[in-house]
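Here the structure is laid out as C-alpha cells; the discussion comes afterwards.
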Amino acid sequence: MFDKKLFISLVIFSILMIFTSIIKTQTRIIEKNISVYDRKISNLKNNLYEAELDYYYLSSPKVISKNIIEYS
C-alpha cells in the first residue's frame with residue numbers, strides 16, 4: 001500500500017512543521033515582550049534625564065543664592 005520511506009518522510013515533515021510553528025509563536029511572544037521592555041526603558045531614561053536636569057538647575061550656585069536671599 002504505502003511506501004514505508006514515503007510515510008516516514010511525511011511523518012518527519014509533519015513533526016518539523018509543528019515544531020517550526022511552535023518556535024515561531026514563542027519567538028513572536030518574546031519579541032513583543034522585548035518591545036514592551038524597550039518602551040519602559042525609554043520612558044525611564046526620559047524621566048532620569050528630566051530629573052537630572054531639574055537637579056542641575058536647582059543645585060546651581062546662582063539658584064541657591066537666589067533662594068537664600070528670597071527666603072531668608
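Can you give me the angle between helix 4-58 and the longest principal axis of the chain, using Cα atoms only, in degrees from 0 to 90, rounded to the nearest 10? Helix 4-58 and the main axis of the chain meet at about 0 degrees. Pairs on different chains or at least eight residues apart, Cα atoms closer than 28 Å: how many lysine pairs in the range 4-68 fit? Eligible lysine pairs with Cα atoms under 28 Å apart amount to 5. Axis angle, to the nearest 10 degrees, between helix 61-71 and the longest C-alpha principal axis of the chain: 60 degrees.
Excluding Asn33 itself, what net charge comes from residues whose Cβ is under 13 Å from its Cβ, given Lys and Arg +1 and Asp and Glu -1? Cβ neighbours under 13 Å give a net charge of +2. Computed on the Cα atoms alone, the convex hull of the chain gives a volume of 68 cubic angstrom per residue.
Each reported figure results from applying straightforward, stated rules to the coordinates on display, with no laboratory input. Predicted, not measured: the structure shown is a model, and the values here were computed from it. Using ideal geometry, Cβ is built from the backbone for each residue, glycine included, and neighbour counts are taken over all protein chains shown.
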